[in-house]
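The values are calculated or read from the model by the stated rules, or taken from the named source; none is laboratory data. Since the model is a prediction, treat every value here as computed from it, not as a measurement. Here the Cβ positions follow ideal geometry from the backbone for every residue, glycine too, while neighbour counts run over all protein chains shown.
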Amino acid sequence: MTVAAASSRPEWEIFCQVVDNFGDIGVCWRLARDLAAREPGGVRLWVDDWAVLQQICPPAADVDPRAGSVVEGVEVRGWEESFSPLAPGRIVVEAFACELPASQLEVMAAQSSPPVWVNLEYLSAEAWVVGCHGMASPHPRLPLVKYFFFPGFDPRVGGLLREPSLLQRRDAFVKDPAGRLAWLREHGVDPDPQTLRVSLFAYEQPDLGELISCWTTGARRISLLVPVSRVLADVAAGLGCPTPEAGAHIRRGSLDVHVLPFTDQDGYDRLLWASDLNFVRGEDSFVRAQWAARPFVWQIYPQADAVHHEKLDAFLALHRPGLSAATADAHAAFWRAWNACPREGIRPARAWPAFAEALPVLAEHARNWCVAQAALPDLADNLTKFCSHIRQSPR
Ligand code: TRH
């Protein structure tokens with residue numbers, strides 16, 4: 001990991017505001033790193049919450065956010081209230097509709113050839129994104145046009161973030177028994193292949209206690225690997241102990257709970273690859289679980305008026321083909337229960353036995369799903385082509 005001097009005029013300039021959690025910075029940091037690895041023209045990333053960036057990208061701790069510096073090929077800078085623009089990128093990405101500072105827009109508009117301006121949207125499997133992907137919105141006052149870019153699973157939208165080397169790195173980890181064993185030993189995890197290893201990254205989950213009881217008394221041994229996150233208090237409540245710290249190992253019946261430190265993104269990938277089942281949330285970990293090609297359970301980011309339940313169902317519908325009706329129903333029932341969807345009306349512990357039974361079939365399905373998605377161009381590739389097309393023929 002390198003920390004070097006910052007560059008002047010980058011090809012890409014990305015603006016990211018943390019709404020809540022890590023996801024927005026998680027996506028932007030991953031996109032920035034991916035573009036930097038492919039793009040000799042440079043990438044600048046502005047983030048408004050340095051503490052969150054540091055958790056995902058520990059070398060940022062050595063960087064003064066005001067001065068900025070280059071970390072893993074990306075020029076990272078703190079987006080503070082006293083923001084003053086630099087020479088703008090040739091492509092400016094505002095992530096998730098964060099509003100660009102007025103001074104930034106003025107600088108962009110003053111260029112003889114203004115930057116391509118893209119709003120990177122949230123990931124959704126809903127059908128309407130196909131119609132909105134690529135739409136243009138002229139600025140009411142300045143000679144600038146903003147384009148909407150939607151990530152997604154459909155070949156007609158922007159794709160998913162997937163670094164070119166990702167699947168090879170995953171396979172190298174998964175196929176190296178010594179490496180995997182070393183990872184499990186390092187984390188004190190039972191390497192017995194009969195044990196079900198489950199990673200758990202989630203928001204609050206009030207129904208977790210019942211599921212923990214079910215795992216504790218179940219016939220199969222389960223190692224539950226929990227990186228420090230918001231769900232930890234519910235894990236503790238389910239175990240009947242104070243909230244544990246990273247490094248803690250708690251045994252109850254058939255269940256071993258290991259609390260892991262929050263790592264950088266590459267470390268999180270290894271956790272997903274080392275597990276047989278991954279509970280993920282939000283956007284970025286949701287996508288990484290799909291590249292891990294293991295069964296996974298998605299806790300969608302909760303939104304007002306429960307619109308997230310529609311998004312959840314849109315993904316379930318997309319993911320269903322290839323499964324028998326019984327397996328698809330068991331899968332959907334557990335996911336909906338995990339997300340407290342009133343449509344299912346049951347709690348996760350009730351839906352667990354059928355879901356657990358389906359895991360071997362879901363494992364094969366997860367591999368097929370991953371292969372099918374990996375056959376599509378990835379997000380950085382699509383975004384690069386989209387921007388060069390706009391440059392050649394602006395709308
Ligand atoms: O943090 P999230 O809940 O993010 C969400 C979503 O992005 C959502 O769309 C957005 O609206 C909301 O925030 C405000 O979950 P997500 O997207 O999975 O991001 C978590 C990031 O943390 C991801 O990049 C993976 C990373 N991570 C690590 O780097 N190390 C770790 O140990 C763990 C557990 C996660």
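The residues of segment 22-36 that are among the aliphatic types (A, V, I, L, M) and either in a loop (DSSP other than H, G, I, E, B) or out of contact with any strand residue (DSSP E or B) (no Cβ under 6 Å at 6 or more places or on another chain) (or both), listed by number, are Val27, Leu31.
Of all the criteria given as (1) buried (at least 20 other Cβ atoms within 10 Å of the Cβ); (2) within 15 Å of the ligand (Cβ to nearest atom); (3) under 24 Å from Ala233 (Cα atoms), the one not satisfied by Asp256 is (2). Determine if segment 226-233 includes at least one residue that is under 25 Å from Leu379 (Cβ atoms), at pLDDT 95 or above and of a type outside the set (Lys, Arg). Checked against the condition, which is being under 25 Å from Leu379 (Cβ atoms), at pLDDT 95 or above and of a type outside the set (Lys, Arg), segment 226-233 yields at least one hit. Do we have any residue at all in segment 168-181 that's outside the structural domain of Ala37 (by TED's automatic domain parsing), within 18 Å of Leu271 (Cβ to Cβ) and aromatic (Phe, Trp, Tyr)? Yes: segment 168-181 contains one or more residues that are outside the structural domain of Ala37 (by TED's automatic domain parsing), within 18 Å of Leu271 (Cβ to Cβ) and aromatic (Phe, Trp, Tyr). Against the definition (within 16 Å of the ligand (Cβ to nearest atom), under 24 Å from Thr327 (Cα atoms), surrounded by fewer than 22 Cβ atoms within 10 Å (Cβ to Cβ) and outside the structural domain of Leu31 (by TED's automatic domain parsing)), how does Val280 come out, yes or no? Answer is no for this residue. Residues that are within 6 Å of the ligand (Cβ to nearest atom) and either assigned to a helix (DSSP H, G or I) or out of contact with any Gly (no Cβ under 8 Å at 6 or more places or on another chain) (or both) were ranked within segment 11-21; the one that is modelled with the highest pLDDT is Val19.
The C-beta contact set for segment 222-233 (first residue more than 11 Å from Ala202 (Cβ to Cβ), second residue part of a helix (DSSP H, G or I) and not hydroxyl-bearing (Ser, Thr, Tyr), distance under 9 angstrom, 6+ apart or interchain) comprises Ile222/Trp215; Ser223/Leu184; Leu224/Ile212; Leu224/Trp215; Leu224/Val235; Leu225/Leu271; Leu225/Ala274.
Of all positions in segment 318-340, at least one carries a residue that is exposed (fewer than 14 other Cβ atoms within 10 Å of the Cβ) and either of a type in the set (Phe, Trp, Tyr) or assigned to a helix (DSSP H, G or I) (or both). Consider Leu271 carefully, then state whether it is within 15 Å of Val226 (Cα to Cα), of a type in the set (A, V, I, L, M), within 16 Å of the chain's Cα centre (by Cα) and within 15 Å of the ligand (Cβ to nearest atom). It is true that Leu271 is within 15 Å of Val226 (Cα to Cα), of a type in the set (A, V, I, L, M), within 16 Å of the chain's Cα centre (by Cα) and within 15 Å of the ligand (Cβ to nearest atom). Return yes when Leu142 is under 18 Å from the mean Cα position of the chain (by Cα), modelled with pLDDT of 95 or more and either in a loop (DSSP other than H, G, I, E, B) or of a type in the set (Lys, Arg) (or both) and no when it is not. No, not satisfied. Of the residues making up segment 101-124, those that are hydrophobic (A, V, I, L, M, F, W, C) and surrounded by fewer than 20 Cβ atoms within 10 Å (Cβ to Cβ) are Ala102, Val107, Ala109, Ala110. Tell me yes or no: at least one residue of segment 109-118 is away from the ligand (no atom under 14 Å from the Cβ), assigned by TED's automatic domain parsing to the domain that holds Asn382 and in a helix (DSSP H, G or I). Yes - at least one qualifying residue is present in segment 109-118. The residue that is surrounded by the most Cβ atoms within 10 Å (Cβ to Cβ), counting only those in segment 52-72 that are within 15 Å of the ligand (Cβ to nearest atom) and free of Cβ contacts under 8 Å to residues at least 60 places away in the same chain, is Leu53. Residues satisfying the criterion are present in segment 74-90 (criterion: modelled with pLDDT of 95 or more, within 16 Å of the ligand (Cβ to nearest atom) and either over 19 Å from Glu163 (Cα atoms) or not in a helix (DSSP H, G or I) (or both)).
Every test in (1) crowded, with 22+ Cβ neighbours inside 10 Å; (2) touching a residue at least 60 places away in the same chain (Cβ under 8 Å) is passed by Cys214 save one, and that test is (1). Comparison of Glu126, Glu99 shows that the only residue that is assigned to a loop (DSSP other than H, G, I, E, B), touching a helix residue (DSSP H, G or I) at 6+ places or on another chain (Cβ under 7 Å) and of a type in the set (D, E, K, R) is Glu126. For segment 37-51, give me each residue that is within 16 Å of the ligand (Cβ to nearest atom) and either assigned to a helix (DSSP H, G or I) or within 17 Å of Leu123 (Cα to Cα) (or both). Within segment 37-51, Trp50, Ala51 meet the criteria.
Return yes when Ala125 is within 23 Å of Asp24 (Cα to Cα) and more than 16 Å from the ligand (Cβ to nearest atom) and no when it is not. No. Remark: pairs (first residue in segment 273-285, over 19 Å from Arg221 (Cα atoms) and among the acidic types (Asp, Glu); second residue near the ligand (Cβ under 6 Å from one of its atoms) and assigned to a strand (DSSP E or B); Cβ separation under 9 Å; 6+ apart in sequence or on different chains) are absent. Checked against the criterion of being over 28 Å from Val71 (Cα atoms), within 16 Å of the ligand (Cβ to nearest atom) and crowded, with 18+ Cβ neighbours inside 10 Å, segment 168-188 contains not a single residue that satisfies it.
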